[in-house]
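The values are calculated or read from the model by the stated rules, or taken from the named source; none is laboratory data. Here the structure is a predicted model, which means the values were calculated and not measured. Every residue, glycine as well, gets a Cβ built from its backbone with ideal geometry; the counts of neighbours run over all protein chains shown. For accessibility, only protein heavy atoms count, side chains too; no ligands or nucleic acids. Shrake-Rupley method; radii C 1.70, N 1.55, O 1.52, S 1.80 Å.
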Amino acid sequence: MSGLLEGQKVLVVGRGSGIARAVAVAARDAGAKVVAAGRRTEALREAYAGEPAITVGAVDLTDEPSIAALGEQLGGVDHVVSTASARARGRIDELDRDAVRLSFDTKVIGPLMLAKHLVGRMDSAGSFTIFSGVAAAKIAVGTLAVAITNGAADVLVRSLALELAPIRVNAISPGVVDTGAWDPLGQGAKQTYFADIAARNPARRIGTVDDIADAVLFAMTSTFLTGQTLHIDGGEPLT
């Protein structure tokens, strides 16, 4: 993929690990200058220490002035990728209102505000890529809040693609991907869960962060793709 983003600036919002890191490194390896931004700037600096062409910025997607300030710091930008999420899991009687609100604020309203404040800093060949998720396509008890957040992200993408045209806007919808997000289950429970998913989905494996990073690069560089959600999920909704 080397050279596809040569001379361009890419903003990646998220943590310094997992999918966000894979996207940042892939964009850098494709020739981009990358700004990795998030709330925990010290952790980001540690994560990207020694990585050439990746610098760190501060942003809190739940705070509009923070997003506006990041825009001032960036100046111009070619592509924006938001991987941030705040999941609110559980059955309806277990859901906390504030957790559900934070989920929407981080994954839907935050990217909307990124578009508001950054679109004027992009030229017509730019793009936004945000994240949805498999829960919107495969409804299950216990993931109601995640599903409706992801569904809203999908609608946001189509709406922004129309309003911001010709700047392109797309979403990535990952299935189960092997990241640290599953570590709270404990090693044994995580491996059991992964084995169950891998045995049932048509791809017969769990996703990797590189699978997702490759899809993000495609979304950023495919100039006839907009208003779409790319389902990188191993066919999980079919099961």
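How many percent of the accessible area of the chain is carbon or sulfur, using a 1.4 Å probe?
Within the chain, the accessible surface is 55 percent carbon and sulfur.
Would you mind checking 33/116; 116/138; 138/190; 33/138 for any pair whose Cα atoms are more than 26 angstrom apart?
Going by Cα-Cα distance, 116/138; 33/138 fall outside the 26 Å limit.
To the nearest 20 debye, what charge dipole does the range 1-126 have about its Cα centre, counting +1 at the Cβ of each Lys and Arg and -1 at the Cβ of each Asp and Glu?
180
If the chain between residue 63 and residue 195 were fully stretched, how many nm would it gain, using 0.36 nm times the residue separation less the Cα-Cα distance?
My answer for the length gained is 43.6 nm.
Hey, what did the range 164-232 get for relative contact order, percent, Cα under 8 Å, at least 6 apart?
Reported as a whole number, the value is 56 percent.
Residues with amide H under 5 Å of residue 229's amide H, sequence separation 5 or more or different chain, H placed in the peptide plane at 1.01 Å from N; which?
For residue 229, the qualifying residues are 171.
At 1.4 Å probe radius, can you tell me the per residue accessible area of the chain in Å²?
Dividing the accessible area of the chain by its residue count gives 47 Å².
Mark the label point 7 Å from the Cα of residue 203 along Cα→Cβ and return the residues of the range 1-21 whose backbone N is within less than 18 Å of it.
Residues 18-21 qualify, since their backbone N sits under 18 Å from the label point.
Per residue of the range 159-166, what does 6.51 cos²θ - 1.76 cosθ + 1.60 with θ = phi - 60° give for ³J(HN,Hα)? Whole Hz please, x for Gly and Pro, Karplus curve as stated.
Once rounded to whole Hz, the list reads 5, 5, 4, 6, 6, 9, 3, x.
May I ask you to rank 149, 223 by accessible area, largest first, using a 1.4 Å probe over the protein chains only? Spell out each step's value before the answer.
Numbers: 149 0, 223 115 Å².
Order by accessible area, largest first: 223, 149.
Please work out how much length the chain gains when fully extended from residue 187 to residue 17, using 0.36 nm per residue of separation minus the C-alpha to C-alpha distance, in nm with one decimal.
Extra length from residue 187 to residue 17 when fully extended: 59.4 nm.
About its Cα centre, how strong a charge dipole does the range 74-191 have in debye, to the nearest 20, once Lys and Arg get +1 and Asp and Glu get -1 at the Cβ?
With Lys and Arg at +1 and Asp and Glu at -1, about 120 debye.
Each residue of the range 75-89 in turn: what ³J(HN,Hα) in whole Hz from Karplus with 6.51, -1.76, 1.60 and θ = phi - 60°, glycine and Pro shown as x?
x, x, 8, 9, 9, 10, 10, 10, 9, 5, 8, 9, 6, 10, 9
Taking H as built 1.01 Å from N, whose amide H comes closer than 5 Å to the amide H of residue 176, not counting residues under 5 places away?
Distant-sequence amide H within range of residue 176: 207.
About the Cα centre of the chain, how large is the charge dipole given +1 on each Lys and Arg Cβ and -1 on each Asp and Glu Cβ? Please answer in debye to the nearest 20.
200
Taking the chain as a Gaussian network, where each spring joins two C-alpha atoms under 10 Å apart, which residue of 217, 156, 185 fluctuates the most?
Result: 185 has the largest fluctuation of those listed.
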